[in-house]
Structure formats: structure tokens, C-alpha cells
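I have placed the structure first, in the form of C-alpha cells, so that the comments after it can refer back to it.
Read the figures in this text as sums done on the coordinates, not as results from a lab. Predicted, not measured: the structure shown is a model, and the values here were computed from it. Virtual Cβ from ideal backbone geometry, glycine too; neighbours counted across all protein chains shown.
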Amino acid sequence: MSDDETDLSVPPPMIPDLPPLSSLTKKPPSPLLRFHLMNIIYCYAYTMRLFNGDIGDDFEGAIGVLFDLCAVIGDPSISITSAMEAIGEPLLAAQKVLSSFSSGPINLI
């Protein structure tokens, strides 16, 4: 691998000494931020699992799945207010997408 290529199989190194979120903004973060992050991380993990961790062959398809599942990214006016909603909404969206490809029952977990 040349110096200008990036190895996508290796995660980037952790940033040492991350500043607290409160030091990055004058306004306090929304109490809903934890649920929004949960929604984003769950949708990312689901998308990566769906593509077996390799989105290189169909990057646009993976981004499409992520935007279809993740309400927080797809529509900024959405406000997720619970952990159940943060995980449940993407599961329902995934079931709708997958049911269009299958005629039988779908196991999403």
C-alpha cells in the first residue's frame, strides 16, 4: 500500500485528551444528544453489518441505507427522546426496506 492510500480495515488512532463537549460550545448540549448519538451509532453498525464491513464496493448503496435508517441524519427536525425510539425506529425502517425484497418473515436481530 502506498503512502497516499488509506487502509479502511484499520481504525484511526484514538485522539488523546479529548476536550469535554461543554468546552466546545457556549450553549449546553441538548439532553437528547445521547439518544441521537445512539441512533446514529446503531444505524452505522447495522449498515456495516449489512455490507459485511466492506462498503467499498457499494459506497453509495451503504450511504443510502444509512440515510434511510437514521432519522437524525435524514431529517434534522426529528427529535428522538428515548433509547427505545433510537433503536426501534431504524429496525422498523429496515424491516420496510427488507420486506420489499422478501416474501417471508424477516429476522432483523
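For this structure, a couple of remarks:
- Rg/Rh for segment 27-99, where both radii come from Cα atoms and Rh is the Kirkwood radius: 1.00
- Residue 72 sits among other residues whose Cβ lies under 15 Å from its own Cβ, and their net charge, with Lys and Arg +1 and Asp and Glu -1, is -3.
- Computed about its Cα centre, the charge dipole of segment 27-99 is approximately 380 debye, with only Lys, Arg, Asp and Glu carrying charge at their Cβ.
- FRET efficiency estimate (nearest 0.05) - Cβ-Cβ, residue 82 to residue 22, R0 30 angstrom: 0.80
- Placing R0 at 35 angstrom, the Cβ-Cβ distance between residue 30 and residue 54 gives a FRET efficiency of 0.55 after rounding to 0.05.
- Listed from fewest to most Cβ neighbours within 10 Å, the set 47, 25 follows the order 25, 47.
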